Amino acid sequence: MRIHLVTGGAGFLGSHLIDRLMEAGDEVICLDNYFTGRKRNIARWIGHPRFELIRHDVTEPIRLEVDRIWHLACPASPIHYQTNPVKTAKTSFLGTYNMLGLARRVGARLLLASTSEVYGDPEVHPQPESYRGCVNPIGIRSCYDEGKRIAETLCFDYQRMNGVEVRVARIFNTYGPRMLIDDGRVVGNFIVQALRGDSLTLYGDGSQTRSFCFVSDLIEGLIRLMNGADTGPINLGNPDEFTIRQLAELVRQRINPKLPLIEKPVPEDDPRQRRPLIDLARQQLGWQPTVSLEQGLGPTIDSFRSVLALEEDRGA
Ligand code: NAD
Ligand code: UDP
């Protein structure tokens, strides 16, 4: 039986990963500072003999005996990572440095949850792993983008210098149940706005594109990457590309086709287009997404609907 450490385990992706690891019969330590994570996401495992929960900030070192480190701790939504950009950069740099130090000491393998944001506002489309990106180093997204870039650098330097086994996933926009109501990312925003009967907010004219991966597909990709031989970096995402306006249409068709779409200013450095090339993941991991956006929106809407209903009950 393996001992897994999941940093950021109370967050959206981390909690889905923990479900898979616990269901496989392994031992799991969830580490989180609850900035954007919630205990309710992992509540079903609290008290389980194979599960432990630690409140800790990854910017501080920690000593634990573990076999696998899934390093996910970092706010992922622009509104959250821009709240305290210096803290975000520290989380990426010091957090990854501390986790790599731990991996070296105990001989654990470490998987870094990196991001498509390392490609910045890409001039190459779709993005292969060999593309080195177009990142503004001094803009409002840089704390996150450059933070993840230095985190990747640290991984490969620890591998070269200290023989630490690393795996690096470049995750593209992922959505699904358990995203926070105030997460701020586009899928959640549109669903919550539509469920509340509000207008859907397009930033700009909605012609920018993203490719949305359902959470179960993403977690499967992470598990294959951790267990396989390839270090990455490897793109994990759904290659079906949508404009943001198309996404808004899909959401309002399902909830209330009469709701208006309104345009708001585009945030600084917002990437114009994004779509992963996933040839490497197909070859190395035998992985590709299986859930279309149309299919994934159903359970995601249901999950937001239940949370909003609970909030209404509490308010009543
Ligand atoms: P999330 O915000 O739901 O989860 C992040 C978790 O990390 C939260 O539980 C938060 O409390 C915790 N955390 C943040 N700072 C911490 C710190 N200093 N110490 C300890 N814990 C801390 O976001 P998510 O969508 O689940 O993303 C998880 C990881 O995947 C992040 O590293 C993110 O950069 C990466 N990623 C996610 C996406 C996506 O679309 N969801 C895309 C690319 C990369
Ligand atoms: N976006 C939007 N309306 C919203 C939230 C986001 O039009 O209410 C746009 C945003 O400008 C970006 C895209 O949707 O072009 C994806 O934004 P998100 O914050 O989800 O992720 P990221 O930009 O990090 O890919």
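Rule-based calculations on the coordinates, nothing more; no lab input. All of these numbers come straight from a predicted model, not from anything done at the bench. Cβ coordinates were reconstructed from backbone atoms using ideal geometry, including for glycine residues, and neighbour counts include every protein chain displayed.
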P(r) of the chain over all Cα-Cα pairs, binned every 20 Å from zero, in whole percent: 33, 60, 7
Proxy reagent accessibility, fewest Cβ within 10 Å first, across Leu225, Leu94: Leu94, Leu225
Extension gain, Asn84 back to Tyr34 (0.36 nm per residue minus Cα-Cα distance, nm): 16.5 nm
Taking Cys155, Cys30 and counting other C-beta atoms within 10 Å, the order from fewest to most: Cys155, Cys30
The chain - charge dipole about Cα centre, Lys and Arg +1 at Cβ, Asp and Glu -1, debye rounded to 20: 400
Charge dipole (the chain, unit charges on Cβ, about Cα centre) - positive-most of Gly296, Gly204, Pro265: Gly296
Degrees, to the nearest 10: 215-227 long Cα axis against longest axis of the chain: 20
Cβ-based net charge around Ile54, under 15 Å, with every Lys or Arg adding one and every Asp or Glu removing one: -2
Spatially proximal lysines relative to Lys90 (Cα-Cα < 23 Å; intrachain offsets below 8 disregarded): Lys148
Integer Hz, Karplus 6.51/-1.76/1.60 couplings in order for the range 11-22, x for Gly and Pro: x, 4, 5, x, 5, 5, 5, 4, 4, 5, 5, 5
Pairwise Cα inverse-distance average, inverted: Kirkwood Rh of the range 1-136 (Å): 15.7
Choice from Ser199, Ser15, Ser211 with maximal GNM fluctuation in the chain (Cα, 10 Å cutoff): Ser199
Order of Glu146, Glu117 under a 10 Å beta carbon neighbour criterion, fewest first: Glu146, Glu117
Cα principal axis extents for the range 164-316, largest first, Å: 52, 35, 26
Antiparallel content of DSSP bridges confined to the chain, in %, to 5: 10
Mean shadow area of the range 1-79, taken as a quarter of the surface of its Cα convex hull (nm²): 5.0
Rounded to 10°, Cα long-axis angle of helix 85-106 versus longest principal axis of the chain: 30
Fluctuation leader among Val166, Val215, Val106 - the chain, Gaussian network, Cα springs under 10 angstrom: Val106
Net charge of Cβ neighbours under 15 Å - reference Ala89; Lys, Arg +1; Asp, Glu -1: 0
Local net charge near Glu241, Cβ-Cβ under 10 Å (Lys/Arg +1, Asp/Glu -1): +2
